[in-house]
Protein chains: 2
Amino acid sequence: MAYQKLTSRSENYSQWYNELVVKADLAEQSAVRGCMVIKPYGYAIWERIQAGLDARFKQKGVQNAYFPLLIPKSFLSREAEHVEGFAKECAVVTHHRLMNDPNGRGVVVDPNARLEEELIIRPTSETIIWSTYKNWISSYRDLPILCNQWCNVMRWEMRTRLFLRTAEFLWQEGHTAHASKEEAEDFARQMLDVYAEFVESVMAIPVLKGVKSPNERFAGALNTYCIEAMMQDGKALQAGTSHFLGQNFAKSFDVTYLSKENKPEYVWATSWGVSTRLMGALIMTHSDDNGLVLPPHLAPIQVAIVPIFKQQEQLDTILATINPIADRLQTLGIRVKVDTADNMTPGFKFAEYEMRGVPVRLAIGARDIENGTIEVARRDTLTKETLPLEGIVEHITALLEEIQANIYQKALDFRLANTRNCDSWDEFQVEIQKGGFLACHWDGTPETEEKIKELTKATIRCIPLDAPAEEGKCIYSGKPSHQRVIFAIAY
Amino acid sequence: MAYQKLTSRSENYSQWYNELVVKADLAEQSAVRGCMVIKPYGYAIWERIQAGLDARFKQKGVQNAYFPLLIPKSFLSREAEHVEGFAKECAVVTHHRLMNDPNGRGVVVDPNARLEEELIIRPTSETIIWSTYKNWISSYRDLPILCNQWCNVMRWEMRTRLFLRTAEFLWQEGHTAHASKEEAEDFARQMLDVYAEFVESVMAIPVLKGVKSPNERFAGALNTYCIEAMMQDGKALQAGTSHFLGQNFAKSFDVTYLSKENKPEYVWATSWGVSTRLMGALIMTHSDDNGLVLPPHLAPIQVAIVPIFKQQEQLDTILATINPIADRLQTLGIRVKVDTADNMTPGFKFAEYEMRGVPVRLAIGARDIENGTIEVARRDTLTKETLPLEGIVEHITALLEEIQANIYQKALDFRLANTRNCDSWDEFQVEIQKGGFLACHWDGTPETEEKIKELTKATIRCIPLDAPAEEGKCIYSGKPSHQRVIFAIAY
């Protein structure tokens with residue numbers, strides 16, 4: 001059993017992605033339409049994303065909690081924009097019992113067990129959470145509330161792709177309640193920074209921080225902050241969002257607090273989330289035609305050590321050299337696997353670690369032991385070198401950081417090379433089809449944005465937070481504009 | 001705002017429990033019937049249960065994964081006993097879209113969006129997982145598979161109680177696949193030992209390890225191992241189960257492997273789980289009329305330090321003494337909170353930490369600083385003493401272990417005092433109403449077990465693994481029996 005090669009990215013990027021997800025043992029389709037199985041190796045990566053973010057949330061004073069999976073249908077109607085944006089394509093629970101089929105064919109829904117009010121599987125939890133916060137908040141002393149939950153959600157997507165768009169996905173959703181507008185807005189911004197820092201420093205994915213245009217805002221938000229990444233095919237991927245919700249949900253669920261001045265005031269809200277979609281961003285930022293490439297800060301296995309042996313004696317000799325090295329690496333907090341399995345050839349193991357994106361692979365045989373050397377292979381550059389065993393721990397420690405920096409830089413260079421200004425509508429229509437980010441002037445109206453989307457499929461990915469003021473004319477309408485925004489075709 | 005007292009346990013145990021769960025900020029009812037909100041403090045305890053178990057699972061070679069929330073209705077019919085046991089009272093998804101009510105009253109289910117086959121929210125995941133394993137297993141080389149998932153499940157319970165019995169709950173479910181019967185049975189036993197070790201050493205809850213009688217077995221299992229705990233009211237609570245499933249699910253989903261001898265064989269299975277029900281066991285094992293009592297090994301906050309001050313200057317002086325102590329405790333891995341909030345009185349804080357079960361509370365004021373002393377209060381015994389600051393770190397470190405041992409011993413003593421042999425049916429009917437465990441002879445038939453349950457509500461909690469062989473006569477039928485089993489009234 002050897003790995004079949006992946007379809008190359010140049011041949012068919014979409015097929016390459018689909019094959020990689022399955023062959024690197026990350027996820028697969030399940031028997032339920034649009035719902036995926038996240039396989040152990042894929043889940044191990046997700047667990048590391050969870051752990052990294054969770055620690056950062058807790059440093060911000062956020063506490064985890066858990067709210068119900070099901071939401072009463074009537075809750076969805078309370079926030080008008082929210083129901084339009086979210087609640088339509090969703091899984092609806094109508095009954096609470098099955099019974100034996102009177103015709104003896106398995107089980108059928110018991111018609112007598114119809115629910116009085118239908119329940120929706122959460123597509124996002126603002127409504128159920130704000131119905132709960134109503135009971136938690138009475139005074140300014142109860143604020144802020146900073147809660148997060150790690151959970152599953154469902155959105156009945158018509159076209160699904162593993163990690164990128166699935167009917168069920170895993171995510172975290174933070175929901176905070178504040179006494180003032182300023183504090184809420186500031187918190188939404190802080191969480192955007194948390195996301196950007198994590199995604200860049202751990203996942204090695206460079207992101208643009210920005211604000212969404214009104215058309216692309218979260219349904220029910222006054223302002224949506226986002227981080228946008230560029231995939232290898234030049235498409236944009238929204239990697240995380242943080243919303244300033246104003247008092248919309250507080251008003252819908254009648255959540256007020258008594259201020260220090262003893263006046264009732266509506267509460268201010270934020271919500272923010274990232275999902276298993278980040279797995280898709282990870283794959284499409286770094287991987288190559290040989291499989292997954294993982295940044296060392298995220299990789300569940302950072303260093304795989306493959307002893308090359310025929311008999312048990314040889315293995316014992318090699319392990320006597322290898323185990324102390326593995327122990328020293330582990331003591332330094334490096335995640336090492338010594339692969340002593342004897343039912344796979346070294347070549348098969350090499351291919352497996354390559355497909356799974358393990359950053360550094362070491363190989364060592366009897367002759368290496370004699371020579372005091374070891375072979376070191378880098379996943380990012382696919383280069384190998386034979387190095388002395390002496391100093392190998394220090395070398396690997398430095399190498400992991402070098403790989404981390406290298407793949408981040410490579411992704412950043414790619415984004416910079418594929419981000420360009422565009423100042424004419426004719427040029428825009430041609431350039432946008434080549435992929436990448438186009439920095440353009442826009443007149444600020446939803447109508448123009450809609451029209452551009454209709455004609456080219458491109459959307460405004462974000463209005464960058466750090467965009468300099470610059471006078472110009474809208475790419476489409478020619479009306480005046482004061483800064484450039486980022487257009488792209490998006491996942 | 002001061003804490004209202006709890007109803008006392010002697011007055012109304014059930015009401016005491018319900019009040020404690022809410023007042024200690026562990027959980028509350030949600031707007032959705034039978035579904036709870038797990039509040040941040042309750043969730044922090046659950047997170048520590050998760051972390052402790054997860055590390056132990058991983059030491060056994062178990063990997064986490066994620067399987068779909070929804071299960072096709074037809075899957076449930078495949079394993080006959082399983083559908084009888086589980087699939088009847090469940091949430092049924094029948095539609096995938098809502099639409100605006102033509103009469104303008106919010107949203108309604110879109111009748112055109114009916115699913116071809118109804119989907120069930122998982123009550124447990126054997127069926128969807130074994131339909132997946134079919135694709136993962138072809139050879140003995142693919143075995144064993146040792147997967148676990150942390151997730152939510154739903155069972156449409158008629159009568160619900162926070163943590164003990166809720167429509168939605170959180171749990172972990174491990175699902176393993178093995179080449180041999182012996183290996184599977186052994187693994188099921190190993191996981192029982194993992195549960196018992198964790199629940200006893202971290203949660204300080206003594207448990208009996210045993211096997212379920214056929215009536216109490218998991219639907220679809222050949223053998224169910226369990227850990228049973230005794231609550232303060234003498235009732236039994238099943239704290240965890242580990243099932244040897246034989247080849248039932250492999251046969252239902254046609255999962256075979258080619259053996260070393262190249263012969264197709266059905267795969268052997270186990271499944272095992274614990275849930276947020278453990279929170280109920282925790283509360284009802286240790287807590288008292290003043291609130292929650294937490295074992296130090298589990299407590300999110302092990303030591304709360306309350307400075308007693310009027311002005312900021314006093315606080316600064318106290319902190320100069322306190323902070324180095326808190327730092328040293330933290331360095332030793334002890335979870336400490338220094339509570340400098342100035343909008344609550346010390347008395348209110350004391351009551352709060354008492355209600356929340358924080359094992360050790362320290363209080364220190366200006367006079368203590370002068371005298372070089374600090375007040376140390378133990379939650380388990382509700383005793384206080386004033387001690388010299390010198391050596392306080394060592395004292396607290398030892399005290400936490402002492403409290404851990406003490407509350408375990410107290411619970412064990414209670415169970416021993418309330419476990420007794422019973423050898424006559426007349427006596428049984430009287431004794432069982434007093435609560436506790438009755439060790440009795442039983443003739444081994446489901447009929448007798450059923451009859452006893454019908455007459456007294458008592459069930460066989462387990463056939464203890466370490467029960468000595470002893471000849472006797474069945475408490476009910478008088479037929480011969482070879483060991484005692486444990487009867488109790490259970491949650």
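The values are calculated or read from the model by the stated rules, or taken from the named source; none is laboratory data. Note that the coordinates shown come from a computational prediction; the quantities given were computed from them, not determined experimentally. Cβ coordinates were reconstructed from backbone atoms using ideal geometry, including for glycine residues, and neighbour counts include every protein chain displayed.
Does A:R105 count as surrounded by 17 or more Cβ atoms within 10 Å (Cβ to Cβ), more than 7 Å from chain B (Cβ to nearest Cβ) and among the charged types (D, E, K, R)? Answer is no for this residue.
Take B:E89 and decide whether it is of a type in the set (D, E, K, R), more than 26 Å from A:E28 (Cα to Cα) and within 8 Å of chain A (Cβ to nearest Cβ). Give the steps one after another, and end with the answer.
Values: of a type in the set (D, E, K, R): yes; more than 26 Å from A:E28 (Cα to Cα): yes; within 8 Å of chain A (Cβ to nearest Cβ): yes.
Considered against the rule, which asks whether it is of a type in the set (D, E, K, R), more than 26 Å from A:E28 (Cα to Cα) and within 8 Å of chain A (Cβ to nearest Cβ), B:E89 comes out as yes.
When A:H95 is tested against (1) at pLDDT 95 or above; (2) within 14 Å of chain B (Cβ to nearest Cβ); (3) within 29 Å of A:A196 (Cα to Cα), just one condition goes unmet, and that condition is (3). Annotation: B:A219 fulfils all but one of (1) closer than 23 Å to B:P446 by Cα; (2) in contact with a Leu (Cβ under 8 Å, 6 or more places away or on another chain); the unmet one is (2). Mind listing whichever residues of the range B:302-337 are surrounded by fewer than 20 Cβ atoms within 10 Å (Cβ to Cβ), of a type in the set (V, I, T) and outside any helix (DSSP H, G or I)? Passing the criteria: B:I308, B:I334.
Listed by position, the strands (runs of 3 or more DSSP E) contained in the range B:97-181 that have at least 2 residues being more than 30 Å from B:G61 (Cα to Cα) and touching a strand residue (DSSP E or B) at 6+ places or on another chain (Cβ under 7 Å) are B:98-100, B:107-109, B:114-121. The number of residues in the range B:339-377 being on the phi > 0 side of the Ramachandran plot and either more than 30 Å from the chain's Cα centre (by Cα) or hydroxyl-bearing (S, T, Y) (or both) comes to 1. Going residue by residue through the range B:37-54, is there one that turns out to be hydrophobic (A, V, I, L, M, F, W, C), part of a strand (DSSP E or B), farther than 30 Å from A:Y133 by Cα and more than 8 Å from every other protein chain (Cβ to nearest Cβ)? Checked the range B:37-54: no residue is hydrophobic (A, V, I, L, M, F, W, C), part of a strand (DSSP E or B), farther than 30 Å from A:Y133 by Cα and more than 8 Å from every other protein chain (Cβ to nearest Cβ). Within the range B:218-230, identify whether any single residue is surrounded by 18 or more Cβ atoms within 10 Å (Cβ to Cβ), at pLDDT below 95, among the hydroxyl-bearing types (S, T, Y) and over 21 Å from B:L76 (Cβ atoms), and answer yes or no. Taking every residue of the range B:218-230 in turn, none turns out to be surrounded by 18 or more Cβ atoms within 10 Å (Cβ to Cβ), at pLDDT below 95, among the hydroxyl-bearing types (S, T, Y) and over 21 Å from B:L76 (Cβ atoms). Being closer than 30 Å to A:V108 by Cβ and among the small types (G, A, S) holds for only one residue in B:G42, B:G34, and it is B:G34.
I'm trying to understand the selection: among the residues of the range A:391-409, which are more than 19 Å from the chain's Cα centre (by Cα) and touching a residue at least 12 places away in the same chain (Cβ under 8 Å)? I'd like the intermediate steps shown before the answer.
The first filter runs over the range A:391-409 and keeps only residues more than 19 Å from the chain's Cα centre (by Cα), leaving A:391-403, A:405-406, A:409.
Matches in the range A:391-409: A:I392, A:V393, A:H395, A:I396, A:T397, A:L399, A:L400, A:E401, A:I403, A:N406.
One residue is enough: does the range B:4-23 have a residue meeting the conditions more than 11 Å from chain A (Cβ to nearest Cβ) and modelled with pLDDT under 95? Yes, the range B:4-23 contains a residue that is more than 11 Å from chain A (Cβ to nearest Cβ) and modelled with pLDDT under 95.
Right, B:A219: part of a strand (DSSP E or B), among the small types (G, A, S) and in contact (Cβ under 8 Å) with a residue 60 or more places away in the chain or not? Step through it out loud before you land on a result.
Values: part of a strand (DSSP E or B): no; among the small types (G, A, S): yes; in contact (Cβ under 8 Å) with a residue 60 or more places away in the chain: yes.
No.
The sole residue among B:V32, B:V21 that is surrounded by 23 or more Cβ atoms within 10 Å (Cβ to Cβ), of a type in the set (A, V, I, L, M, F, W, C) and within 27 Å of A:N148 (Cα to Cα) is B:V21. Note on the range A:370-382: residues that are of a type in the set (D, E), in a strand (DSSP E or B) and surrounded by 20 or more Cβ atoms within 10 Å (Cβ to Cβ) total 0.
Meeting the requirement of 1 or more residues that are among the β-branched types (V, I, T), the strands (runs of 3 or more DSSP E) wholly within the range A:256-300 are A:256-258, A:268-275.
Condition test on A:V336, is it farther than 30 Å from A:S481 by Cα, within 24 Å of the chain's Cα centre (by Cα) and of a type in the set (A, V, I, L, M, F, W, C)?
Numbers: farther than 30 Å from A:S481 by Cα: yes; within 24 Å of the chain's Cα centre (by Cα): no; of a type in the set (A, V, I, L, M, F, W, C): yes.
No: the conditions fail for A:V336.
Please determine whether any residue of the range B:319-334 is closer than 29 Å to B:A281 by Cβ and basic (K, R). No - not one qualifying residue is present in the range B:319-334.
If I ask for residues that are touching a Phe, Trp or Tyr at 6+ places or on another chain (Cβ under 7 Å) and surrounded by 24 or more Cβ atoms within 10 Å (Cβ to Cβ), which ones from the range B:193-217 would you list? Once the filter is applied, which keeps residues that are touching a Phe, Trp or Tyr at 6+ places or on another chain (Cβ under 7 Å) and surrounded by 24 or more Cβ atoms within 10 Å (Cβ to Cβ), the range B:193-217 yields only B:A204. State whether the residues of the range A:107-115 include one that is modelled with pLDDT under 90 and either of a type outside the set (A, V, I, L, M) or in contact with an Asp or Glu (Cβ under 8 Å, 6 or more places away or on another chain) (or both). Yes, that holds for at least one residue.
Just a yes or no: is a residue in the range A:383-405 among the aliphatic types (A, V, I, L, M) and outside any helix (DSSP H, G or I)? Working first, answer last.
Of all residues in the range A:383-405, those among the aliphatic types (A, V, I, L, M) come to A:387, A:389, A:392-393, A:396, A:398-400, A:403, A:405.
Next, from what is left, pick out any that are outside any helix (DSSP H, G or I): A:387, A:389.
Taking every residue of the range A:383-405 in turn, at least one turns out to be among the aliphatic types (A, V, I, L, M) and outside any helix (DSSP H, G or I).
Select from the range A:112-130 the residues that are more than 15 Å from A:V153 (Cβ to Cβ) and touching a residue at least 12 places away in the same chain (Cβ under 8 Å) and write down the one among them that is nearest to the other protein chains (Cβ to nearest Cβ).
Here is the first cut: in the range A:112-130, the residues more than 15 Å from A:V153 (Cβ to Cβ) are A:112-118, A:130.
Checking the rest, the ones that are also touching a residue at least 12 places away in the same chain (Cβ under 8 Å) come to A:112-115, A:117-118, A:130.
Numbers: A:N112: 12, A:A113: 8, A:R114: 10, A:L115: 9, A:E117: 10, A:E118: 6, A:W130: 11 Å.
In this case the residue turns out to be A:E118.
Among the residues of the range A:77-101 satisfying the criterion of being under 24 Å from the mean Cα position of the chain (by Cα) and surrounded by 20 or more Cβ atoms within 10 Å (Cβ to Cβ), which is nearest to B:C90 (Cα to Cα)? Step by step, filter the range A:77-101, then rank; the result is A:A91.
Here the range A:343-369 is the region considered, the condition is being free of Cβ contacts under 8 Å to residues at least 12 places away in the same chain and assigned to a loop (DSSP other than H, G, I, E, B), and the residue that is surrounded by the most Cβ atoms within 10 Å (Cβ to Cβ) is A:M344. Of all positions in the range A:411-427, at least one carries a residue that is within 30 Å of A:R335 (Cβ to Cβ) and in contact with a strand residue (DSSP E or B) (Cβ under 6 Å, 6 or more places away or on another chain). Among the residues making up the range A:57-71, those that are more than 17 Å from B:E28 (Cα to Cα) and surrounded by 17 or more Cβ atoms within 10 Å (Cβ to Cβ) are A:F57, A:V62. Every condition in (1) in a helix (DSSP H, G or I); (2) farther than 25 Å from A:M284 by Cβ is met by A:F198 except one, and the failing one is (2).
The set of residues from the range A:444-457 being in a loop (DSSP other than H, G, I, E, B) and under 17 Å from A:G210 (Cα atoms) comprises just one member, A:G444.
Every condition in (1) in contact with a strand residue (DSSP E or B) (Cβ under 7 Å, 6 or more places away or on another chain); (2) in a loop (DSSP other than H, G, I, E, B); (3) not hydrophobic (A, V, I, L, M, F, W, C) is met by A:R78 except one, and the failing one is (1).
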